[in-house]
Structure formats: C-alpha cells, structure tokens
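A.B. asks: Once you've had a glance at the structure underneath, I'll fire off some questions.
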Amino acid sequence: MSGELILVIVIVSFAALYFVVPFAVGAYMKYRGKMVVTCPETQKPAGVEVDVKHAALTAAVGQPELRLKDCTRWPERKDCGQECLMQIELAPEDCLVRNILAEWYRDESCAICRKPFGEIHVLDHKPGLLGPDSKMTEWAEIRAEQINEILATHKPICWNCLVTESFVRQHPDLVFERPSKRVAESGKR
C-alpha cells in the first residue's frame, strides 16, 4: 500500500470516529438502565429495558431505533406492539428509574440523621429507603413497576445510615452504643 492510501484510510477512520461515535455513545448513555412506563394495554406501570446496543448502533447511522430488551410483562406479552416506546422517545430522562429516584431525594432529608440529600449523582453511594415496617431497601432491590407505590409509602435514608443501621440490625451483639457527649457531660454536673 502506498503512503497516500494509508493516509486517506486514517483520515476517513478519524472522521468516522469523530462524527459517528458521539451519536452512538450518546444513545447508549441516554437509554441505558431500568425504566418505568405506563403500559398502553393495562394502563399500569411496567418496568422495561431498552436494547441499548441496538439503539447505539442505529444512532451511528441516523435516528436511534428503539426496541425493548426486557419488560416485566414478559414472557406472557412478549409479542406486544411495544407502543410504550413512544413514552421513552418523548422523555427518556423521565422514564429512567435512577432519575425518578434522584429527583425524589433532591429536596428531602434522611429520615434517621436528618442530613439533607441535595443532588444525587449516579456514581455516589446510593441512598436507601425506609419502609413503614422499618425495613430498609436499597435502590437495586426496587422493581421499576413498583416505584410510584414505594415512593408514596417509604422515607429516604442516606447511604451512611443505611449501612450503619443494616449492620446494627444484622449484628446487634457486635454493637456498643456510647452515650452522646451532651448526655455524658450532663451526668458529670
């Protein structure tokens, strides 16, 4: 091969990477993760996952084509028309479970330590939820189709309290609680 041909191949390759990869990566990031939609058939929440590899590949050559990878109504309704995808196309960020949870925590404080949450970041330690039965739940345990009812009945707890309280409940024999400084000081007087 001549040097000119190699140069042309390199330039075309870099141009393809520059113009194609951002669209593919953008589609992958936009549609990845558990989502919740309203099933057009039942009018009830359904947990879905988009086939992000397919969305990314099709975004590389044009508009991303969405199709479901998984749905909580499958396998019984696997052959549905996937009309719910319209909800994801119109507002993908609003369907993502992680975004719904992060928005719910934004103006809340921990039910145990009262520390305000502020903005929740995807890479941070994820806070938990405290149920009416005092059972603690992690984000990974939440089924997408139950998100609305869980958020209506549970209270937010920070990651520190989730870890600490879980340890205390699982190993009460290993925990010794010291009186706070205020209690200790008031006892000296």
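The values are calculated or read from the model by the stated rules, or taken from the named source; none is laboratory data. The structure displayed is predicted, hence computed values, not measured ones. Using ideal geometry, Cβ is built from the backbone for each residue, glycine included, and neighbour counts are taken over all protein chains shown. Areas reflect the complete protein model, heavy atoms only, side chains present, ligands, DNA and RNA absent. Shrake-Rupley method; radii C 1.70, N 1.55, O 1.52, S 1.80 Å.
A.B. asks: Could you go through segment 1-14 and let me know if any residue there is within 29 Å of Lys69 (Cβ to Cβ), without any contact (Cβ under 8 Å) to a residue 40 or more places away in the chain and out of contact with any strand residue (DSSP E or B) (no Cβ under 8 Å at 6 or more places or on another chain). Break it down stepwise before answering.
C.D. replies: Initially, segment 1-14 is screened for residues within 29 Å of Lys69 (Cβ to Cβ), giving none.
No: zero hits.
Matching residues to (1) modelled with pLDDT of 85 or more; (2) open to solvent by less than 40 Å² (accessible area, probe 1.4 Å):
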| position | (1), (2) |
| --- | --- |
| His121 | no, no |
| Pro127 | yes, yes |
| Gly131 | yes, yes |
| Met136 | yes, yes |
| Arg143 | yes, no |
| Gln146 | yes, no |
| Glu149 | yes, no |
| Ile157 | yes, yes |
| Glu165 | yes, no |
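A.B. asks: Among the residues of segment 20-73, which ones are assigned to a helix (DSSP H, G or I), touching a Lys or Arg at 6+ places or on another chain (Cβ under 9 Å) and either open to solvent by 40 Å² or more (accessible area, probe 1.4 Å) or β-branched (Val, Ile, Thr) (or both)?
C.D. replies: Those that are assigned to a helix (DSSP H, G or I), touching a Lys or Arg at 6+ places or on another chain (Cβ under 9 Å) and either open to solvent by 40 Å² or more (accessible area, probe 1.4 Å) or β-branched (Val, Ile, Thr) (or both): Tyr28, Val52, Lys53.
A.B. asks: Pairs needed: first member in segment 123-147, farther than 11 Å from Cys158 by Cα; second member anywhere, in a loop (DSSP other than H, G, I, E, B) and of a type outside the set (A, V, I, L, M, F, W, C); C-beta distance under 6 Å; at least 6 residues apart or different chains.
C.D. replies: Listed by first residue and then by second, the contacts come to Gly131/His154; Trp139/Lys126; Ala144/Lys34; Glu145/Thr72.
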